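Q: This is the structure I have questions about; it appears just below.
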Amino acid sequence: MTEIKQTTKNAAPKPAARKAAGKLGWLGPAVVVGGLLPVAVLVLDGYSGALGANPVQRVELQTGVLTLATLGLSLACTPLRLLSGWTWPARIRKALGLLAFLYAALHFLVYLFDKGAFTGTFGVQTVVEDVLKRPFITVGFLALLSLIPLALTSFRGSVKRLGFARWTALHRLAYLAVVLGAVHYWWGVKKDHTEPLIYAVVIGVLLLARVVWKGKRKVMPSPTISS
Amino acid sequence: MIPESDQPHTDDQHADEQHTDIQTPSIQTPVRPSMQHPGEAPNSRREFLRTGALFTGTVAALGGGLELLSRRPGAAAESALPGLVGQAKKALGPYDTSEPVTPYAQATGYNNFYEFGTDKADPARLAASLKPRPWTVKIDGEVKKPMTVDIDTLQSWFPLEDRIYRMRCVEGWSMVMPWLGFPLSALIRRLNPTGKAKYVQFTALLDPKQFPGQRGDVLAWPYVEGLRLDEALSPLAFMAVGLAGRVLPGQNGAPLRLVVPWKYGFKGIKSIVRITLTEKQPQTTWAQSAPGEYGFYANVNPKVDHPRWSQATERRIGELSRRPTLMFNGYADQVGSLYSNLDLRKNY
């Protein structure tokens with residue numbers, strides 16, 4: 001919360017900054033369009049046959065990586081804002097978070113399709129068994145579950161309805177989701193762990209940055225502006 | 001909680017909204033650029049262009065960045081077809097499947113061959129670095145006459161035949177492969193094993209110059225596989241030197257590979273340089289690398305799951321929905337008796 005006050009302190013007295021913020025209207029739509037670009041490429045590749053010999057597996061993998069990437073980017077917003085003093089990262093955080101949820105949902109749908117949940121008779125049973133019996137699937141499923149309340153409370157007015165403290169507490173689920181997601185990626189890979197390792201390290205740094213920041217705040221409490 | 005009164009008051013509704021965004025982690029949908037421009041000052045044209053450029057740049061940076069992070073190389077362009085070495089098949093043999101053969105482009109463009117790289121497209125992309133001629137195969141261990149033989153000589157010992165086999169990968173996908181080669185049993189008999197020989201061990205080429213994947217330690221190189229002698233003598237066990245009537249492409253294991261269609265694909269060791277008859281069970285690469293997931297036998301078995309996924313179904317490459325996986329990949333009649341005294345759940 002001190003974090004929030006800090007922002008208020010930085011941003012409130014500067015009308016110039018506010019004016020600049022007003023000019024950033026293009027940023028949100030750009031993030032949404034840019035964030036959805038891989039979907040368009042996937043669809044085009046699907047039509048042209050460029051998805052390769054096993055398109056289902058390919059889309060499954062790519063939507064999974066996209067989930068981790070967008071979730072990681074959304075978690076980079078706050079450290080970036082605190083480090084740089086820029087306010088624009090805060091403006092795109094929600095869009096990145098929602099993109100992550102969209103990709104997670106797509107990833108899960110492709111997985112359901114892959115297992116034949118929509119067509120075959122063995123599909124649903126396989127999925128239930130997978131989720132219950134296989135830790136690799138279990139953690140991925142839990143990551144998706146923990147993203148659902150975040151997506152549902154990302155709309156206008158959610159903060160007000162829940163109260164800021166409760167909303168913030170709820171949205172710490174993002175940390176759980178990203179850690180489970182990284183574990184899911186790590187366990188899902190057959191042998192070469194280079195990429196899962198990169199994601200794990202980046203995510204670790206982003207989460208550690210928060211711990212460090214919190215520790216610093218305790219040592220040097222910043223002045224409050226609330227009466 | 002931040003009391004409402006803490007929020008700085010602003011004179012215009014739009015700015016107020018923007019500001020709330022920064023305070024609370026929720027971000028409102030920003031006003032579209034197009035809505036800002038009408039009626040703005042003389043600079044609006046320049047402003048519009050600037051915004052347009054920033055918008056496009058951000059879309060390209062984020063979209064391109066995500067694409068770069070997540071995209072996996074698709075199918076490689078079809079490489080030049082190697083020369084024909086065999087005749088097209090006239091009638092199906094007793095071991096052939098009549099199922100439609102996987103298209104050549106997919107059979108040679110979607111491969112697991114970690115010596116080139118872990119991506120399915122790596123083998124086709126990098127296969128040119130493998131030089132399958134000249135090539136020798138060392139034959140040693142429990143044989144009457146150990147030797148090193150040139151691949152062309154070895155190949156000339158046997159009449160080449162076609163075998164259309166199902167191939168089931170441990171990852172849950174399958175193909176139908178039109179191999180060209182000779183039965184392994186014919187080779188073993190010619191090698192004259194001693195009475196002590198119980199197993200056959202195969203070793204693949206170790207050469208990081210030809211196999212870029214061997215520059216990393218994804219697996220313990222060289223790749224080693226093995227069979228029980230009676231498995232090796234099964235009429236199904238096959239040594240392939242060609243595919244679809246052509247010389248075996250590098251990505252499929254040129255110049256000589258093992259094909260054991262009732263076992264998961266990783267048993268089919270590629271680019272073999274050494275065949276050793278042994279008394280003891282060979283230490284095979286995947287079984288050493290992840291003993292809880294891959295065993296020495298690796299028989300296709302829909303009832304014994306991989307720890308991380310079910311083996312009950314598979315996707316035939318080219319099809320969208322899955323099909324049930326068959327016991328011993330559908331070759332139970334030919335090989336089932338080899339395992340009548342074996343607990344297949346323990347000996348996966």
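Q: Criterion first (over 19 Å from residue B:230 (Cα atoms), open to solvent by less than 10 Å² (accessible area, probe 1.4 Å), more than 8 Å from every other protein chain (Cβ to nearest Cβ) and not small (Gly, Ala, Ser)) does residue B:311 satisfy it?
A: Details: over 19 Å from residue B:230 (Cα atoms): yes; open to solvent by less than 10 Å² (accessible area, probe 1.4 Å): yes; more than 8 Å from every other protein chain (Cβ to nearest Cβ): yes; not small (Gly, Ala, Ser): yes.
Taking the combined requirement at face value, the residue satisfies it.
Q: Can you tell me which residues in the stretch B:290-307 are part of a strand (DSSP E or B) and either open to solvent by 20 Å² or more (accessible area, probe 1.4 Å) or facing chain A (nearest Cβ under 10 Å) (or both)? Give the steps one after another, and end with the answer.
A: Our first condition is that a residue be part of a strand (DSSP E or B); within the stretch B:290-307, this holds for B:299, B:306.
Scanning the stretch B:290-307 gives a single hit, B:306.
Per-residue answers, yes or no, for (1) on the phi > 0 side of the Ramachandran plot; (2) open to solvent by less than 10 Å² (accessible area, probe 1.4 Å); (3) not hydroxyl-bearing (Ser, Thr, Tyr):
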site	(1), (2), (3)
B:191	no, yes, yes
B:199	no, no, no
B:210	no, no, yes
B:218	no, no, yes
B:224	no, no, yes
B:252	no, yes, yes
B:261	no, yes, yes
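Q: Now, a different point. Is at least one residue of the stretch B:272-282 open to solvent by 10 Å² or more (accessible area, probe 1.4 Å) and either in a helix (DSSP H, G or I) or within 10 Å of chain A (Cβ to nearest Cβ) (or both)?
A: The answer is no; no qualifying residue exists.
Q: Quickly run through the stretch A:25-76 and pick out the residues that are more than 8 Å from chain B (Cβ to nearest Cβ), more than 22 Å from residue A:174 (Cβ to Cβ), open to solvent by less than 40 Å² (accessible area, probe 1.4 Å) and of a type in the set (A, V, I, L, M, F, W, C).
A: Hits for the stretch A:25-76 are A:42, A:59.
Q: Taking helices (runs of 4 or more DSSP H) that fall entirely within the stretch A:139-227, which contain at least 1 residues that are at pLDDT below 90, over 13 Å from the mean Cα position of the chain (by Cα) and away from chain B (no Cβ under 13 Å)? First the steps, then the outcome.
A: Working: elements: A:158-162, A:164-171, A:173-188, A:194-219.
Correct list: A:194-219.
Q: Within the stretch B:308-322, does at least one residue satisfy the condition of being in a helix (DSSP H, G or I), more than 16 Å from the chain's Cα centre (by Cα) and not basic (Lys, Arg)? First the steps, then the outcome.
A: First, pick out the residues of the stretch B:308-322 that are in a helix (DSSP H, G or I): none.
There is no residue in the stretch B:308-322 that is in a helix (DSSP H, G or I), more than 16 Å from the chain's Cα centre (by Cα) and not basic (Lys, Arg).
Q: Something else about it: Among the listed residues A:51, A:73, which satisfies the condition of being under 23 Å from residue A:148 (Cα atoms) and of a type outside the set (Phe, Trp, Tyr)?
A: On the way: A:51 fails: under 23 Å from residue A:148 (Cα atoms).
Answer to the check: A:73.
Q: Name the residues in the stretch B:325-348 that are under 22 Å from residue B:172 (Cα atoms), at pLDDT below 95 and among the polar types (S, T, N, Q), would you?
A: The answer is B:347, and nothing else.
Q: A further question on this structure: How about the stretch B:118-141: which of its residues are within 14 Å of another protein chain (Cβ to nearest Cβ) and buried (at least 22 other Cβ atoms within 10 Å of the Cβ)?
A: B:120, B:123, B:124
Q: Suppose the filter is farther than 14 Å from residue A:71 by Cα and open to solvent by 70 Å² or more (accessible area, probe 1.4 Å); does residue A:166 pass it? Please lay out each step first, then the result.
A: Numbers: farther than 14 Å from residue A:71 by Cα: yes; open to solvent by 70 Å² or more (accessible area, probe 1.4 Å): yes.
Criteria met by residue A:166.
Q: Looking at the stretch B:168-189, which of its residues are within 14 Å of chain A (Cβ to nearest Cβ) and either over 24 Å from the mean Cα position of the chain (by Cα) or open to solvent by less than 20 Å² (accessible area, probe 1.4 Å) (or both)? Write out each step before concluding.
A: Taking the stretch B:168-189 first, the residues within 14 Å of chain A (Cβ to nearest Cβ) are B:168-177.
Residues satisfying the conditions are B:168, B:169, B:170, B:172, B:173, B:174, B:175, B:176, B:177.
Q: I'd like the full set of residues that are in a helix (DSSP H, G or I) and facing chain B (nearest Cβ under 7 Å), limited to the stretch A:77-91.
A: Step one: filter the stretch A:77-91 for residues in a helix (DSSP H, G or I), giving A:77-84, A:88-91.
Within the stretch A:77-91, A:90, A:91 meet the criteria.
Q: A further question on this structure: Is it true that residue A:103 is of a type in the set (Phe, Trp, Tyr), open to solvent by 60 Å² or more (accessible area, probe 1.4 Å) and assigned to a helix (DSSP H, G or I)? Explain how you work it out, then say what you get.
A: Numbers: of a type in the set (Phe, Trp, Tyr): yes; open to solvent by 60 Å² or more (accessible area, probe 1.4 Å): no; assigned to a helix (DSSP H, G or I): yes.
No, not satisfied.
The values are calculated or read from the model by the stated rules, or taken from the named source; none is laboratory data. Computed from a prediction, not measured in an experiment: that's the story for all the values here. Here the Cβ is made from the backbone with ideal geometry for all residues, glycine too, and neighbour counts use every protein chain on show. SASA here: full protein model, heavy atoms, side chains in, ligands and nucleic acids out. Shrake-Rupley method; radii C 1.70, N 1.55, O 1.52, S 1.80 Å.
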